[in-house]
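The values are calculated or read from the model by the stated rules, or taken from the named source; none is laboratory data. This one's a predicted model, so the numbers in the text were calculated from it and none came from an experiment. A quick note on method: Cβ atoms are made from the backbone with ideal geometry, for glycine too, and the neighbour counts reach across all protein chains shown. These accessible areas exclude ligands, DNA and RNA; they are computed on the full protein's heavy atoms, side chains included. Shrake-Rupley method; radii C 1.70, N 1.55, O 1.52, S 1.80 Å.
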Amino acid sequence: MDLRFLFCFKISSESHFIFAMMKILVVEDNPELANNIVTYLKEEGNVCEWVSTYMEAIDKIVSFGYEMLILDIMLPDGSGLDVIRELKKQNTEASVLIISAKNSLDDKILGLNLGADDYLTKPFHLSELHARIKAIYRRKNLHGKQEILFNELKINIENRTFLVYDNPVELTQKEFDLLLFFLTNKNRVITKQSIAEHLWGDYVDAYDSFDFVYQHIKNLRKKILNARGEDYIRTVYGLGYKFMVPHS
Amino acid sequence: MRLLLRTSFYYVLITFVVFSLGSIILYNIFLNEIQYETDLYLVERFHSIINTLGSNNTPNTLDQYKLQIDTLDYVPEKVGQESFVFNDTIVMHQYLRRMENNRKMTGIQKVNESYLRLTLFDVIVESDDIMDGVFNALWRLFLFLGIVMVITSFLISRNIFKPFNKTLQQLKQFNIKELRPIKLERSHTHEFNLMNQFIEQMTEKVNRDYRNLKEFSENASHEIQTPLTIAKGKLELLLQSNDLDEKKMSMIESAYKSIDHISKLGSSLTLISKIENLEFSDLKQIVFSDLLKKALVDFEELYQMKQIKAEINIMDDVKLQNNPDLLKILINNLLTNALRHNQEGGRLKIELDPSQLKIANTGKPLQISPEQLFERFKKDKQSGGSLGLGLAIVKKICDISGYTIQYSYNEGWHRILVDFS
């Protein structure tokens with residue numbers, strides 16, 4: 001039962017974009033956390049399964065094919081790192097994203113050396129998790145044609161170029177990252193905190209970066225509007241922003 | 001003052017007092033003894049003169065130096081032993097022609113039917129001579145004793161205090177963070193052994209407590225991350241529902257903000273303990289100038305937003321041997337700090353040369369004392385929602401990298417200076 005590459009091309013009257021559905025296995029011993037992840041990822045249209053122990057995880061990866069594993073390092077009956085080792089033995093092309101509360105450099109390096117694709121430290125924003133999953137997916141599966149289309153907007157991830165109605169629009173690095181973050185989390189409220197962390201990482205105090213986030217969003221909006229694009233970004237009272245997909 | 005010098009000083013002082021009192025006692029004993037001997041001699045002479053007189057010699061023939069014989073024309077009340085009277089007197093010395101202290105004895109004895117009163121004199125040693133003698137003898141003794149005492153106490157205490165000094169040396173090197181309890185040698189002195197035992201137990205306990213506390217705070221800041229992730233995730237999911245009005249949104253927002261604050265706090269504390277545990281130990285040669293310039297590009301937008309005028313003076317090719325992550329955190333926290341405590345339309349100066357980094361920004365004076373600035377959770381009222389850990393992290397990084405950091409405030413300028421040497 002190999003559901004590895006499963007693409008859905010959803011084409012509506014005025015929008016056409018690639019909607020990639022993935023089969024994801026969440027290996028996390030905390031049911032509540034797993035529930036959050038599964039809910040969020042399912043809402044994004046993915047097929048998501050959850051196991052809580054090392055043994056169950058091994059059972060699953062031996063029996064079924066997954067495109068993505070979201071893996072906690074510390075499991076009640078073993079280490080998530082061993083799951084990666086087993087996975088590599090299976091010779092599958094499944095990607096691995098490690099999530100761990102253990103913010104230790106050693107684990108990170110070890111995990112990445114074993115073949116994990118990325119590493120996320122708890123606590124994380126679900127929108128960030130999703131963005132990372134998408135990034136891994138694009139890196140692995142869309143090799144040459146890393147392009148995202150959304151109505152009149154076109155983003156080329158490889159060249160980092162942005163086109164509105166096929167006219168290039170100059171974006172700063174941060175604005176580009178911001179737009180990409182929005183496009184991977186469309187129709188969702190994204191908090192200021194998660195945007196700040198996505199753009200500046202853990203070490204910048206979010207408190208200072210909120211104004212910064214606001215400023216970048218203002219600039220991004222202005223640039224899209226100036227290129228006669230539509231303003232998709234809505235401010236969600238006090239909390240954050242939402243990239244609205246207009247109802248057809 | 002050294003313990004040895006101190007005890008020696010007191011010993012000398014006490015010896016001095018004892019010697020002074022001793023000299024008075026000695027003087028009196030000498031005086032009494034001399035008097036006693038003189039008196040004995042005078043009595044002896046008295047008897048020998050009487051004997052001579054008894055064998056038919058006339059008193060006149062015996063009248064000689066230091067002897068006076070009078071014949072009494074009355075019958076005295078006391079005769080012989082009972083009539084002896086001693087006292088001190090002054091007599092002209094025959095040869096020296098000067099007055100000398102003498103002991104005088106008078107006694108009456110019946111010789112050949114007549115009563116004779118004999119007065120005998122003898123020179124006695126003068127009291128100031130005795131005093132001189134006693135003083136001379138004693139100060140030499142005192143000096144000798146003093147020298148011997150100082151030398152011996154120095155030698156002995158050097159030996160006796162050897163274990164004590166060793167203990168002291170080890171205590172000096174004791175570092176609570178090294179988690180290595182002190183092991184001390186056994187000595188021959190009971191008190192030192194007791195002390196060493198106590199110190200060993202104490203340092204072991206201190207180490208254990210420190211380790212427990214450290215582990216606890218590390219575990220605590222680690223363990224809170226999972227529930228915080230859950231809570232955060234639930235709120236994020238809740239946000240996606242469509243039936244939220246502004247009131248509900250604002251409640252979610254404030255819950256979300258608080259959770260975010262705790263989780264930031266947790267990760268900052270974890271970061272501090274990671275720095276303390278030397279987890280950032282892979283050092284590299286880093287071009288600090290480039291790192292700083294790169295960070296300033298990110299921060300530039302922020303400065304512009306606050307309309308802060310920045311004067312930047314970065315020397316090229318300033319290299320440091322350190323962990324790149326640590327230096328990034330250092331720069332980030334310092335720049336964030338300079339920005340946060342700056343005012344709208346303020347100014348900022350950044351200077352870097354091979355020996356130091358200077359960051360100065362305009363702003364209101366501190367409400368807390370400058371010494372507290374680098375402590376955890378010591379934050380100014382002006383800093384609003386900040387964690388109060390940024391500069392504590394900077395300080396930690398400086399400490400483990402061997403840099404010194406200084407803060408000063410002068411005429412509206414906050415200055416932070418990091419010295420790399």
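For the stretch B:178-279, the calculated P(r) over all alpha carbon pairs, in 10 Å bins from 0 to the bin holding the longest distance, is 13, 26, 19, 15, 12, 8, 5, 2, 0 percent. Going by accessible surface with a 1.4 Å probe and the largest first, A:TYR40, B:TYR95, B:TYR27 read B:TYR95, B:TYR27, A:TYR40.
Computed over Cα pairs, the Kirkwood radius of chain B leads via Stokes-Einstein (1.306 mPa s, 10 °C) to a diffusion coefficient of 49 µm² per second.
I'd like the antiparallel share, as a percent to the nearest 5, of DSSP beta bridges with both residues in the protein assembly as shown. Just about 75 percent of them are antiparallel. When you restrict to C-alpha pairs under 8 Å that are six or more residues apart and normalise by the size of chain B, the relative contact order lands at 9 percent. Other residues within the sphere of radius under 11 Å centred on the Cβ of A:HIS130, judged by their own Cβ, net out at 0 (K and R +1, D and E -1).
Measuring against 29 Å, Cα to Cα, the residue pairs B:LYS172/B:LYS395; A:LYS108/B:LYS395; A:LYS108/B:LYS358; B:LYS293/B:LYS364 contain A:LYS108/B:LYS358 as the ones spanning a longer distance. Extension gain, B:GLU178-B:GLN367: 0.36 nm per intervening residue step, less the Cα-Cα distance, totals 64.5 nm. Projected label points at B:VAL297 and B:ASN87, each 7 Å from Cα along the beta carbon direction, are separated by 12.0 nanometres.
Treating r as the C-beta distance of B:ILE14 and B:ASP290 and R0 as 60 Å, the FRET efficiency rounds to 0.25. Working note: Cα gyration tensor of the stretch A:147-243, eigenvalues times five, square-rooted, sorted largest first, giving semi-axes of 22, 14, 12 Å. Taking the empirical scaling 2.2 N^0.38 Å for compact globular proteins as reference, the stretch B:84-195 has a Cα radius of gyration ratio of 2.59.
In straight-distance terms, cross-link reach from B:LYS166 covers every one of the lysines whose alpha-carbon lies under 19 Å from its own, apart from those fewer than eight places away in the same chain; here that gives B:LYS183. B:TRP139 contributes about 110 Å² of solvent-accessible surface, heavy atoms of the protein only, 1.4 Å probe. On a 20 Å Cα-Cα criterion, which of the cross-link pairs A:LYS218/B:LYS328; A:LYS122/B:LYS264; A:LYS218/B:LYS257; A:LYS222/A:LYS242; A:LYS222/B:LYS248 come out too long? In this structure, A:LYS218/B:LYS328; A:LYS218/B:LYS257; A:LYS222/B:LYS248 exceed 20 Å between Cα atoms. With a cut-off of 14 Å on the backbone N, the residues of the stretch A:230-246 near the modelled label site 7 Å out from A:ASN187 along Cα-Cβ are A:243-246. Please state the shape class of the stretch B:260-339: rounded when a/c is under 1.5, otherwise prolate if a/b exceeds b/c and oblate if not, all from the C-alpha gyration tensor. Because a/c hits 1.5 or more and a/b fails to exceed b/c, the stretch B:260-339 counts as oblate.
The relative contact order of the stretch B:3-148, computed from alpha carbon pairs under 8 Å that lie at least 6 residues apart in sequence, is 27 percent. Note on B:PHE198/B:MET149: beta-carbon distance plugged into 1/(1 + (r/R0)^6) with R0 of 25 Å gives a FRET efficiency of 0.20. Other residues whose C-beta falls under 15 angstrom from the C-beta of B:LEU155 contribute a net charge of +3, scoring Lys and Arg +1 and Asp and Glu -1. Taking only the Cα atoms of the protein assembly as shown, the radius of gyration and Dmax are 50.4, 175 Å.
The calculated FRET efficiency for the pair A:LEU110 and A:MET21, based on their C-beta separation and a Förster distance of 41 Å, comes to about 0.85. With all protein chains present, calculate the accessible area of A:ASP177 using a 1.4 Å probe and round the result to the nearest 10 Å². Here the accessible area works out near 40 Å². Hydrophobic, long helices, defined as DSSP H runs whose alpha-carbon span along the helix axis is 30 Å or greater and whose mean Kyte-Doolittle value is at least -0.5, occur in chain B at B:3-54, B:127-160, B:246-276. Taking every alpha-carbon pair within the stretch B:3-148, the share separated by more than 22 Å comes to 56 percent. Loop-located chymotrypsin sites (Phe, Trp or Tyr not before Pro) across the stretch A:87-177 with a Cβ neighbour count of 13 or fewer within 10 Å are A:TYR165, with loop assigned by DSSP. Take the Cα of B:LEU417, step 7 Å toward its Cβ, do the same at A:MET244, and the gap between the two points is 5.6 nm. Here the simple spin-label model places points 7 Å from the Cα toward Cβ, and for B:LYS66 and A:LEU149 these points are separated by 14.8 nm. Cα centroid separation, the stretch B:165-229 to the stretch B:120-137: 70 Å.
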